[in-house]
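Engineer: Structure provided below as structure tokens; questions to follow.
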Amino acid sequence: MIPFLGYFLLFGAWAVATPYDGTPDEMRHIIRAYGVADGQVAPAPAREGKFPGAYHDVPSSLLRDNCFAFEPDRSAACAEPPGGDRDEVRVLTPAGRYHPAYYAAVGWPLRLSPDMTGVLLARLVNAALVAGLLAAATAVTLRLRNRGVLAGLLVAVTPMTAHLAGAINPNGVEIAAGAALVVALIAILLEPDGAGRRAAPWWLAGIAGATLVTVRSAGPAWLAVIALVMLVPLSLARYRQLLRSRRMWLLAGALAAAGLASVGWTLWKRSNELIPNALYKGHLGIVDAMKIEIFDKWRRYFTEMIGVMSWLDTPLPPVIHLVWWLSVGALLLPAVALCRPAQRWRVAGLALLAMLVPSLLEAVNVNTYGFVAQGRYYLALLAGVPILAGYFLAGLPNFDPTPRLTRLLALLLLPAHLASLFYLMVRYQTGLPDGAFIVSLNPLAGSWHPQVGSLTPVLMGIAAVVVLVAWHFRVTATPAPAAAGPTDGTGSGDNGTAPQATTSHTVPVHDLQRPMVVAAGQHQPEERP
């Protein structure tokens, strides 16, 4: 599938361009991934000083000091790449208690080759998982009554998401799973034939939902938020229809089993235990902690969602952030202003809950762990906001602005991904001067180069942008399959019956003020003498 190829090339470019341990906590996750692949699936919880985690036996070739983390003016040339001595040593990793499913999926190349080659292969496996979830969501999108979700997906995949997709880190898969789950639930709950006809959205909901609740300990809470927003409100007819649906019960049972297994693992291994922080010593109440979150921390989170790369030491240029937030506003503000009340609730409700629920969880634990959240942790929920906004915006009566908007976003955001990749390559290869004017942003120069050479990720990134831009232009040139019924699950069309055939007509902009006659599922301009 073309979207899978495009996304895989994009994320693969990040994977091969990044030095060892060049993304947040990557070596910790590499140790856990190797351990799971080696059979060390459920090590006993342990502690080393103030650091909780578990011990793994791993080759010393995977243990390297990181000399460039938190120092963006220093290139990765100072670091020793993995490889060499394969004698195993016992080491504690804070990721050692995490659920093993993700690490089993990405860890096998490390077991075969515990050096940079194995690391690159494991990163590419992670890139394929993220690309696969997004491509599956795109395939479901093409069967919806409108293709506004395509615009939302372009906005949802930020440079930070691409950075994580090209790393050994479950956060990238978590973000893609959250986005894919929202797409699947749009097809199941908001489309006229949602309670039943096509199998693909149900499979996607099951896979994405099970992935979301498994890869990180907060996943069950994220699933609950998404389910609440998508299920409330629906019409009584739709609720009855869903209760009669065998697929709905199978989906609910599968996600409940995956969620219970995830919670059970978290309780058994205490995998949500973090490094204690005695700064507040029990003095900070929940209300005060939430004030700090909302009025101080959120500013940083919003920046990190788009891109504060490497070890939170390399913010992307302001123009990248500006382009992204303008794109978010282009979908979000019209959807909230123009759509029906139930649609507004879903867009605004998911946005607010996506920020408030994680912040509340942090406020509850602030006296134990301090303020430890990062913007990337919020993306698993927030990725669904532009997706919902695009879907509802495309359902506005008489006029669908999203085909042109999708093309514009493709022309803005996909090259912005490429610029972000080049910028971070310069950071790794030459370092970014501190407080000085950057003269050169050449991603092919520098004292450090990726194992596959600097030209390889450049060509992969360019190919990804060309493939994805061309595909979005082509697919938005053809109309989506038309269907009867409302797009929020609350109207008269949700009666459990099969959708009626419709005839789709494109209404010119100059005809938008002409009155419309609606009859027999068709929309025809009123004839005038």
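The values are calculated or read from the model by the stated rules, or taken from the named source; none is laboratory data. Remember, it's a predicted structure, so these values are computed and weren't measured experimentally. Cβ sites come from the backbone with ideal geometry, for glycine too, and all protein chains shown count toward neighbours. We work out accessible area using only protein heavy atoms, side chains counted, and drop any ligands, DNA or RNA first. Shrake-Rupley method; radii C 1.70, N 1.55, O 1.52, S 1.80 Å.
Engineer: What list of ³J(HN,Hα) values in whole Hz, one per residue of segment 221-235 in order, does the Karplus curve 6.51 cos²θ - 1.76 cosθ + 1.60 (θ = phi - 60°) give from phi, with Gly and Pro shown as x?
Structural biologist: 5, 5, 4, 4, 5, 4, 4, 4, 5, 7, 8, 10, x, 10, 6
Engineer: Provide MET290, MET425 ordered by accessible surface of protein heavy atoms (probe 1.4 Å), highest first.
Structural biologist: MET290, MET425
Engineer: Ok, one more. Roughly what would the spin-label model give for HIS283 and THR117, points 7 Å off Cα along C-beta, in nm?
Structural biologist: My value for the distance between the label points is 5.6 nm.
Engineer: Sort 131-137, 173-179 by packing, meaning the average of other beta carbons within 10 Å per residue, with the highest value first.
Structural biologist: 173-179, 131-137
Engineer: Mind listing the long-range amide H neighbours of ASP73? Cut-off is under 5 Å, sequence gap 5 or more, other chains count too, H placed in the peptide plane at 1.01 Å from N.
Structural biologist: Amide H neighbours of ASP73: LEU432.
Engineer: Which values, in whole Å and largest first, are the semi-axes of the equivalent ellipsoid of the chain obtained as the square root of 5 times each eigenvalue of the Cα gyration tensor? Could the numbers behind the result be given before it?
Structural biologist: Working: eigenvalues 329, 145, 93 Å².
Semi-axes, largest first: 41, 27, 22 Å.
Engineer: Assign unit charges at the C-beta atoms only (+1 for Lys and Arg, -1 for Asp and Glu), then state the dipole size of the chain relative to its Cα centre in Debye, rounded to the nearest 20.
Structural biologist: Taking the Cα centre of the chain as origin, the dipole is about 1420 debye.
Engineer: Considering only protein heavy atoms, with the full assembly of protein chains and a 1.4 angstrom probe, order LEU444, LEU332, LEU424 by accessible area, largest first.
Structural biologist: LEU444, LEU332, LEU424
Engineer: Continuing with this model, one more query. For segment 84-205, just list the percent of Cα-Cα distances falling in each 10 Å bin from zero outward, please.
Structural biologist: Bins of 10 Å from zero give 12, 36, 27, 16, 7, 2, 0 percent of pairs.
Engineer: Could I have the simple spin-label model distance between ALA256 and ASN442, label points 7 Å from Cα toward Cβ, reported in nm to one decimal?
Structural biologist: Once both label points are built, they end up 6.3 nm from each other.
Engineer: Packing-wise, with mean Cβ within 10 Å as the measure, how do 258-264, 33-39 rank, highest first? Mind showing how you got there, number by number?
Structural biologist: Details: 258-264: 16.7, 33-39: 23.4.
The packing order, highest mean first, is 33-39, 258-264.
Engineer: While we're here: Listed highest first by mean packing, meaning other Cβ atoms within 10 Å per residue, what order do 233-244, 155-166 come in?
Structural biologist: Top to bottom by mean Cβ count within 10 Å: 155-166, 233-244.
Engineer: Calculated from DSSP H runs of 4 or more alone, at -39500 (n - 2.57) each and per residue, what is the 222 nm mean residue ellipticity of the chain, nearest 500?
Structural biologist: Values: 20 runs with 290 residues, N = 529.
That calculation yields -18000 deg cm²/dmol at 222 nm.
Engineer: In addition: Which whole-number percent of Cα pairs in segment 247-365 have a distance greater than 26 Å? List each step's numbers first, then the result.
Structural biologist: Numbers: 3334 of 7021 pairs.
Looking at segment 247-365, the distances longer than 26 Å represent 47 percent of pairs.
Engineer: Separate question: Quote the relative contact order of the chain in percent (integer), defining contacts as alpha-carbon pairs under 8 Å separated by 6+ residues.
Structural biologist: After rounding, I find 23 percent.
Engineer: Just read off the accessible area of ASP65 with the full protein assembly in place, 1.4 Å probe, to the nearest 10 Å².
Structural biologist: 140 Å²
Engineer: Modelling each spin label as a point 7 Å along the Cα-to-Cβ direction, I'd like the ARG299/ASP85 distance in nm, to one decimal.
Structural biologist: Once both label points are built, they end up 4.7 nm from each other.
Engineer: Now a separate question. Run the 1.4 Å probe and let me know the accessible area of PHE399, rounded to the nearest 10 Å².
Structural biologist: 90 Å²
Engineer: Follow-up. Of all accessible surface on the chain at a 1.4 Å probe, what whole percent is carbon and sulfur?
Structural biologist: Carbon with sulfur: 65 percent of the solvent-accessible area.
Engineer: I need the Debye-formula profile for segment 1-96: one equal scatterer per C-alpha, no solvent, reported as log10 I(q)/I(0) at q = 0.11, 0.12, 0.13 1/Å, two decimals.
Structural biologist: With one equal scatterer per Cα and no solvent, log10 I(q)/I(0) is -0.42, -0.49, -0.57.
Engineer: Also, quick follow-up: Ratio of segment 346-462's C-alpha Rg to 2.2 N^0.38 Å, to two decimals?
Structural biologist: Values: Rg = 20.3 Å, N = 117, 2.2 N^0.38 = 13.4 Å.
Compared with the compact-globule rule of thumb, segment 346-462 sits at 1.51.
Engineer: Something else: Return the whole-Å distance between the Cα centroid of segment 343-361 and the Cα centroid of segment 220-299.
Structural biologist: 12 Å
Engineer: Solvent-accessible area per residue for the chain at a 1.4 Å probe radius, Å²? Don't skip to the end; give the middle numbers.
Structural biologist: Values: 21860 Å² over 529 residues.
Per-residue value: 41 Å².
Engineer: Explain nothing, just the number: relative contact order of segment 250-379, from Cα pairs under 8 Å at least 6 residues apart, as a whole percent.
Structural biologist: 41 percent
Engineer: Please find the FRET efficiency linking ASP57 to ALA139, where r is the Cβ-Cβ separation and R0 is fixed at 45 Å, and quote it to the nearest 0.05.
Structural biologist: The value I calculate is 0.60.
Engineer: Assuming 0.890 mPa s and 25 °C, estimate D for segment 1-48 with Stokes-Einstein, Rh taken as the Kirkwood radius over Cα pairs, in µm²/s.
Structural biologist: My calculation gives 185 µm²/s for D.
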